[in-house]
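Asks: My structure is below; once you've seen it, I'll send some questions.
Read-outs: derived from the displayed coordinates by stated rules, not from any lab. Computed from a prediction, not measured in an experiment: that's the story for all the values here. Methodologically, a virtual Cβ is constructed for each residue, glycine included, from the backbone with ideal geometry; neighbour enumeration extends over all protein chains shown.
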There are 2 protein chains.
Amino acid sequence: MRALPLHQGARGLNDDAAVIEIGGETLVLTHDTMAEGTHFRADANLRDVAWKLVASNLSDLAAKGAEPVGVMLSYPLGDEDAEFVSGLWQALDAMDVQLLGGDTFAAKGARTIGLTAIGRATHIPVPARSGAQIGDAIYVTGTLGRAMLGFEGVQEHLDAFNRPEPRMLEGRTLAPCVTAMMDISDGLLLDAFRMAEASEATFAIEAAAVPVASADRRDECMRWGDDYELLFTLREGAESPVPASRIGTVEPLGFAPLVLDGHPLVNQQGLGFQHG
Amino acid sequence: MRALPLHQGARGLNDDAAVIEIGGETLVLTHDTMAEGTHFRADANLRDVAWKLVASNLSDLAAKGAEPVGVMLSYPLGDEDAEFVSGLWQALDAMDVQLLGGDTFAAKGARTIGLTAIGRATHIPVPARSGAQIGDAIYVTGTLGRAMLGFEGVQEHLDAFNRPEPRMLEGRTLAPCVTAMMDISDGLLLDAFRMAEASEATFAIEAAAVPVASADRRDECMRWGDDYELLFTLREGAESPVPASRIGTVEPLGFAPLVLDGHPLVNQQGLGFQHG
């Protein structure tokens with residue numbers, strides 16, 4: 001794909017969102033698809049699928065400090081349209097974003113539902129994955145592993161799995177302060193690996209410093225994903241303007257992009273949720 | 001869907017594209033999906049599918065007189081990725097548009113490929129389906145039925161089916177002149193019906209005036225669809241600034257939105273390509 005004619009705003013396809021300048025504004029564009037069998041189970045409630053589709057896209061806007069302008073939907077008509085529309089309504093209402101348009105169509109078999117979110121940058125330059133500097137402190141918002149526990153049916157974490165809330169306000173507050181930022185929907189370790197690679201540095205993370213929902217399962221909490229939290233880096237000594245945990249330090253690029261408790265992790269395999 | 005929180009620019013979901021104002025600019029956004037089994041056959045060449053995906057989206061921009069800014073792709077990885085990327089490269093290159101980003105993912109079964117196109121309006125107000133006025137003349141560009149003949153294997157029309165070229169220049173030239181405009185990818189009669197409904201008028205069309213690729217199959221040529229031509233209305237007496245055929249007149253809303261050779265067509269059934 002990187003060989004294709006790329007827009008300058010595509011950032012070489014190495015980021016979660018495209019950034020384009022239009023008139024006096026900077027727009028942030030992102031697209032996330034949810035495919036049955038990959039991102040949701042055939043028996044999933046389409047209300048929840050609709051909600052997560054909106055949340056996952058807005059989370060990418062949050063990581064850019066962007067405020068949503070609207071969303072475009074791609075939806076295959078089927079048996080559960082009422083449930084989907086109901087969940088979509090709840091999500092758009094709760095996250096204060098509106099539908100711009102899209103496409104509905106007939107399709108057979110496993111469903112593929114797509115959403116494009118358009119946002120307006122609130123701070124220039126728009127944070128990227130690639131800005132982390134040697135010596136920066138690494139932070140993450142929230143508590144990881146909640147979506148995993150919710151998926152397993154733990155009552156107090158059900159909403160974290162079914163109805164995640166993207167960190168819109170935190171993203172806008174952080175945008176002027178961070179050197180790099182992204183969301184960690186694919187899992188902390190995998191996304192930290194990607195941010196380190198994009199920044200051409202090594203991220204040294206201390207597992208014990210990572211806030212997890214289940215201390216017995218710290219490793220899984222760092223890998224499972226689906227937590228719509230923000231990973232970001234700040235200059236050493238800078239204070240985070242939002243509640244967040246310091247989990248490590250950016251080091252000169254060494255043997256591996258990611259070092260966990262002193263152990264180098266040399267490739268992305270097994271670090272988190274890979275979906276093509 | 002119309003009950004959802006709609007952006008003002010969604011135009012009530014009654015148009016082919018959303019129109020939003022950002023900075024001093026007006027953006028036009030559209031999304032078209034191609035689903036295997038509905039929009040393309042399982043044995044279709046993915047090069048052609050990629051091309052048509054880009055063409056169908058850009059055709060919606062053309063109908064708004066917009067120039068493309070970029071596209072966002074949603075693509076399920078599979079066996080024919082090289083073919084798809086090759087066709088996408090050709091289309092982006094030929095139509096002078098760049099990839100902004102998107103999402104690739106693993107999926108099983110019938111493929112669903114989506115594209116969001118972002119364009120910049122070249123004329124304000126941006127043409128809508130809804131602007132046709134009583135007494136206006138109805139025009140269409142090109143020759144209809146070529147895609148149908150190409151689908152059937154007629155050599156000289158193969159490209160019309162596999163490699164359609166959206167009317168970008170015509171759309172931009174027409175935008176300041178028309179009272180209403182849309183593309184007719186779903187078939188002339190169906191799309192004329194929709195434009196008449198949106199304009200709250202009756203479109204009276206004379207079949208003999210419609211330029212068709214096969215005079216023996218005039219009716220099929222007006223219904224088959226997949227011709228990326230433009231349907232538009234001009235004030236009576238105005239001349240079309242691009243080559244086009246006058247095919248009828250806008251009349252006060254009568255018994256049916258569409259009248260073909262004096263026969264009212266009261267519903268959309270059978271008029272063209274319906275896909276949910």
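Asks: Considering (1) within 19 Å of the chain's Cα centre (by Cα); (2) facing chain A (nearest Cβ under 9 Å); (3) buried (at least 17 other Cβ atoms within 10 Å of the Cβ), say which one B:Phe105 fails and leave the rest.
Replies: Every condition holds for B:Phe105 apart from (1).
Asks: Of the residues that make up region B:87-100, is at least one within 7 Å of another protein chain (Cβ to nearest Cβ), among the charged types (D, E, K, R) and over 25 Å from A:Leu61 (Cβ atoms)?
Replies: yes
Asks: Is there a residue in region B:45-62 that is of a type in the set (S, T, N, Q) and assigned to a loop (DSSP other than H, G, I, E, B)?
Replies: Scanning region B:45-62 turns up at least one residue that is of a type in the set (S, T, N, Q) and assigned to a loop (DSSP other than H, G, I, E, B).
Asks: Right, here's the next one. Residue check, B:Arg167 against (1) out of contact with any Leu (no Cβ under 6 Å at 6 or more places or on another chain); (2) under 28 Å from B:Leu46 (Cβ atoms), all met but one. Which one?
Replies: In the conditions (1) out of contact with any Leu (no Cβ under 6 Å at 6 or more places or on another chain); (2) under 28 Å from B:Leu46 (Cβ atoms), B:Arg167 misses (1) alone.
Asks: Looking at (1) closer than 25 Å to A:Ala110 by Cα; (2) in contact with a His (Cβ under 8 Å, 6 or more places away or on another chain); (3) of a type in the set (Gly, Ala, Ser), which one does B:Ala50 not meet, given that it meets all the others?
Replies: Looking at each condition in turn, B:Ala50 falls short on (2).
Asks: Look through B:Arg167, B:Arg163 and report the one residue that is surrounded by fewer than 24 Cβ atoms within 10 Å (Cβ to Cβ) and within 18 Å of B:Pro241 (Cβ to Cβ).
Replies: When all the criteria are applied, what remains is B:Arg167.
Asks: Further, regarding this structure: Looking only at residues in region A:18-43 that are part of a loop (DSSP other than H, G, I, E, B) and more than 7 Å from every other protein chain (Cβ to nearest Cβ), which one is farthest from B:Ala107 (Cα to Cα)?
Replies: Restricting to residues being part of a loop (DSSP other than H, G, I, E, B) and more than 7 Å from every other protein chain (Cβ to nearest Cβ), the top hit is A:Asp43.
Asks: Another one. Under the condition of being in contact (Cβ under 8 Å) with a residue 12 or more places away in the chain and surrounded by fewer than 19 Cβ atoms within 10 Å (Cβ to Cβ), which residue from region B:18-39 is nearest to the chain's Cα centre (by Cα)?
Replies: Checking each candidate, the answer is B:Thr38.
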